[in-house]
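Q: I have a structure here, written as structure tokens, and I will follow up with some questions on it.
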Amino acid sequence: MNADITFREAGDPVDFGRTFVHSEAFRALFRDGMALVEDTAAYLDGEGREESRTLPRQAALTYASESMRLTTRLMQIASWLLVQRAVAEGEITAEEALKEKTRVRLTRQESASPVFDAEALPERLKDLIGQSVRMHARIVHLDGILSEAAAEPTYPESPVAMQQWLIRSAFGGG
């Protein structure tokens, strides 16, 4: 058990970010994400390279373009997972992870180019693209939840201080 875990008082909100990175769900996501990265690298360096050599010119261009998109997407996934694992293992704080976010950009992927011909691509590449798009969408969603949770302000404890804080917030003095 991690020594950083603290118990919360009844009625206090659950810190999703802090609990998520220590959960079995995160460990499973990490394993799945890193396995996808490894599987894709093995495919692109081996069987995929051989398959791309047999494709017609236009299909080979589509293959090259889509494999680059796939690689970029997987680099974003791996970077995000490694930062979150560093938080889970106490190597960095959640606040430091938010700062890392400026370097690890989870960009929305552009749709394929107009010359994209999915039918011309090898089945294994199409499968890896689909898996990576789904994994990327999950991580973008989780990142949004973690970022929102980290950005939520802490409220003063006293009811009077709470009201003063709400008034200041309403008038931009927050």
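Laboratory data are not the source of any read-out in this text; all were calculated from the coordinates shown. None of these values were measured; they are calculated from a predicted model. Neighbour counts run over all protein chains shown; Cβ positions are idealised from the backbone, glycine included.
Q: So who's got an amide H within less than 5 Å of the one on Ile92, skipping anything under 5 residues away but keeping other chains? H placed 1.01 Å off N, in plane.
A: Counting only residues 5 or more places away or on other chains, the set is Val87.
Q: Sticking with this structure for a sec: Using a Förster distance of 25 Å, how high is the FRET efficiency between Leu82 and Lys126, based on the Cβ-Cβ distance and rounded to 0.05?
A: For Leu82 and Lys126, the calculated efficiency is 0.40.
Q: Please list the radius of gyration and Dmax for region 23-98, considering alpha-carbon atoms only, with Å as the unit.
A: 16.3, 50
Q: Further question on the same structure: Work out how much length Ala25 to Arg105 would gain on full extension: take 0.36 nm times their residue separation and subtract the Cα-Cα distance, in nm to one decimal.
A: Gain on stretching Ala25 to Arg105: 26.6 nm.
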